[in-house]
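The values are calculated or read from the model by the stated rules, or taken from the named source; none is laboratory data. From a predicted model like this one, the values you see are computed outputs, not experimental measurements. Using ideal geometry, Cβ is built from the backbone for each residue, glycine included, and neighbour counts are taken over all protein chains shown.
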Amino acid sequence: MPIKIYPEDKTGRMNRPRRGFNKNLPLWFQLSETIKAEFLDLDLPEDLRLPTEQQLCDRYGASIITVRQALKHLEDGGFVSRFRRRGTFVNPEAIKHKETMYLTATGYRLPSSKRTTKLIDKSSVAVPSSLKEFFTDDQKVIRIRRVRLEDGVPLSYGINHIPRNLTKGILMKDLRAGKDVTALLKKKSRVNFGQIVDSFEAKPASPLVADFLDIQILAPVILFTTVHRDKNDNVVNVAWTYIRADRYMFSISRDAGGN
């Protein structure tokens with residue numbers, strides 16, 4: 001399929017199609033993310049050399065200034081190295097093998113390896129406005145915030161919202177040790193789990209999320225929301241997990257023979 005070229009207007013901005021580019025984000029940033037996704041993730045050049053600046057201009061319909069800004073952004077992030085008269089090359093160390101995240105009966109499971117957990121806080125907070133439909137009888141919930149790391153690199157930032165009466169048996173040492181909140185609720189608080197609803201949403205990282213995950217603001221992340229209910233249909237945990245989109249792929253297996 002031929003690549004569509006979108007000419008620029010007099011201001012040097014791309015005449016964007018209605019879909020694909022966000023008018024609220026800098027074009028150079030969107031272009032850098034596009035180049036990173038296309039060449040570092042999907043179609044890595046054999047010699048690690050990216051197309052020339054002019055070829056990128058023709059490919060994406062962007063100005064030479066926009067392309068250079070995008071490449072400079074990738075260079076600053078350690079994804080590429082640029083050499084005069086030689087071109088732009090992908091840094092081999094920037095190419096990370098994406099791990100598979102598996103959905104389980106109680107949430108998600110990461111591949112087993114040596115990981116650490118940083119507990120940010122466990123505190124009583126007002127129910128967030130977006131969660132009031134789940135905690136109709138509560139004014140406050142216990143919020144648990146943690147960051148999971150591998151070799152010191154943050155992988156995910158998780159926030160649990162739990163009714164206060166269910167957290168007495170959940171100890172700080174268990175949270176620091178990386179114990180799964182679902183397992184703690186089941187073992188310590190004797191929660192008899194019923195329905196679990198999961199949802200995924202791609203989002204740009206907010207300044208707070210970017211800070212915890214050590215990524216750039218507006219970098220893509222996956223927001224994984226899980227709502228746990230007990231057998232009496234009471235909500236016992238709403239978890240928000242922000243996952244670095246550059247480190248994981250998701251795998252879902254379905255039985256085609258079912259009704």
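When Glu201 is tested against (1) over 18 Å from the mean Cα position of the chain (by Cα); (2) loosely packed, with under 13 Cβ neighbours inside 10 Å, just one condition goes unmet, and that condition is (1). Are any residues in region 134-155 farther than 20 Å from Leu185 by Cβ and surrounded by 11 or more Cβ atoms within 10 Å (Cβ to Cβ), and if so, which ones? Result: Val147, Leu149, Glu150, Val153, Pro154, Leu155.
Taking the criterion of being acidic (Asp, Glu), at pLDDT 90 or above and in a helix (DSSP H, G or I), would at least one residue in region 217-234 satisfy it? Looking for residues that are acidic (Asp, Glu), at pLDDT 90 or above and in a helix (DSSP H, G or I), one finds none in region 217-234, hence no. Would you confirm whether or not region 104-116 contains a residue that is modelled with pLDDT of 90 or more and among the aliphatic types (A, V, I, L, M)? The answer is no, given that none of the residues of region 104-116 is modelled with pLDDT of 90 or more and among the aliphatic types (A, V, I, L, M).
Residues that are assigned to a strand (DSSP E or B) and not polar (S, T, N, Q) within region 195-216 comprise Ile196, Val197, Asp198, Phe200, Glu201, Ala202, Lys203, Pro204, listed in sequence order. Under the condition of being part of a loop (DSSP other than H, G, I, E, B) and out of contact with any Phe, Trp or Tyr (no Cβ under 8 Å at 6 or more places or on another chain), the residues counted in region 135-174 number 12. If we scan region 139-154, do we find a residue that is out of contact with any strand residue (DSSP E or B) (no Cβ under 7 Å at 6 or more places or on another chain) and under 20 Å from Lys231 (Cβ atoms)? Looking for residues that are out of contact with any strand residue (DSSP E or B) (no Cβ under 7 Å at 6 or more places or on another chain) and under 20 Å from Lys231 (Cβ atoms), one finds none in region 139-154, hence no.
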